[in-house]
1. Restricting attention to segment 41-52, which residues are under 30 Å from Thr94 (Cβ atoms) and either loosely packed, with under 14 Cβ neighbours inside 10 Å or of a type outside the set (Gly, Ala, Ser) (or both)?
2. Among the residues of segment 108-134 satisfying the criterion of being among the polar types (S, T, N, Q) and open to solvent by 60 Å² or more (accessible area, probe 1.4 Å), which is farthest from Arg150 (Cα to Cα)?
3. Within segment 118-169, how many residues turn out to be among the basic types (Lys, Arg), over 20 Å from the mean Cα position of the chain (by Cα) and in a loop (DSSP other than H, G, I, E, B)?
4. If you scan segment 10-40, which residues turn out to be surrounded by fewer than 17 Cβ atoms within 10 Å (Cβ to Cβ), more than 23 Å from the chain's Cα centre (by Cα) and in a loop (DSSP other than H, G, I, E, B)?
5. So, of the residues in segment 53-85 that are open to solvent by 80 Å² or more (accessible area, probe 1.4 Å) and under 27 Å from Thr157 (Cα atoms), which turns out to be farthest from the chain's Cα centre (by Cα)?
6. Looking at Tyr91, is it in contact (Cβ under 8 Å) with a residue 12 or more places away in the chain and in contact with a Ser or Thr (Cβ under 6 Å, 6 or more places away or on another chain)?
7. Considering only residues that are in contact with a helix residue (DSSP H, G or I) (Cβ under 8 Å, 6 or more places away or on another chain) and under 23 Å from Ser156 (Cβ atoms), look in segment 86-107 and name the one that is surrounded by the most Cβ atoms within 10 Å (Cβ to Cβ).
Amino acid sequence: MNYRQKLNNLIEKNDGLVLTKELKEKNIPREYLSIFLEEDKLERIKRGVYTTPATFIDEMYIIQQKNTRLIYSHETALYLHDLSDRDPLEYTATVPYGYHNPYLKDENIKVHTVKKELHLFGVMEKETIYGRKIKVYNKERTICDILKDRNNMDISTVNEAVRKYLTGKDKDIHLLLDYGDKLKISSVLRKYLEMFV
């Protein structure tokens, strides 16, 4: 299979999106990217990110692909889990302490940091509105995160999220309490549970 076909296959597999790091992984010379750009088969969206002209730009997916240790959290996770009706003005995500990616500053994103041992705690996959998989904290971890950061958030957003979580069908109170212990917010969590139960 020639490089042109390999690149076409990669574009098709990724629903019209190509990252330069994938070219390296597939051993496709970067000059083929230039050829596809000249032929108007691809357009450059931002550094290292290319799409076909007909492809919708999946910003959440692209940000996470360029910042692989980033996990969507807080307000963004609330929105992804339907625990908030507010479309986030900026994405919110969590990275482990010490993580540094110079391109993260260029994104429209609010970044939280957490101890490395807690970083992957409660991670799951969700799909963006374009059907691509991204990493996000589960509902229980998200509730704990917003309660921990409640003084820096709109209190009505926090209250609405907790109420929606507790009245929803898809909840695991035992897991929520376990996460509360591990994230050291048990007393706050119990107060909120008493308020809404």
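The values are calculated or read from the model by the stated rules, or taken from the named source; none is laboratory data. Everything numeric here is computed off the predicted structure, so don't read it as measured data. We place every Cβ from the backbone using ideal geometry, glycine too, and count neighbours over all the protein chains shown. These area figures cover heavy atoms from the full protein model, side chains too; ligands, DNA and RNA do not enter into them. Shrake-Rupley method; radii C 1.70, N 1.55, O 1.52, S 1.80 Å.
1. Arg44, Ile45, Lys46, Arg47, Val49, Tyr50, Thr51
2. Among residues in segment 108-134 that are among the polar types (S, T, N, Q) and open to solvent by 60 Å² or more (accessible area, probe 1.4 Å), the one farthest from Arg150 (Cα to Cα) is Asn108.
3. 1
4. Lys26, Asn27, Pro29, Arg30, Glu39, Asp40
5. Top of the filtered list is Asp85.
6. Yes: the conditions hold for Tyr91.
7. Ranking the qualifying residues of segment 86-107, first place goes to Ala93.
Yes/no per residue for (1) in contact (Cβ under 8 Å) with a residue 12 or more places away in the chain; (2) in contact with a strand residue (DSSP E or B) (Cβ under 9 Å, 6 or more places away or on another chain):
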| position | (1), (2) |
| --- | --- |
| Asn8 | no, no |
| Leu17 | yes, yes |
| Thr55 | yes, yes |
| Ile62 | yes, yes |
| Gln65 | yes, yes |
| Leu70 | yes, yes |
| Thr76 | yes, yes |
| Arg86 | yes, no |
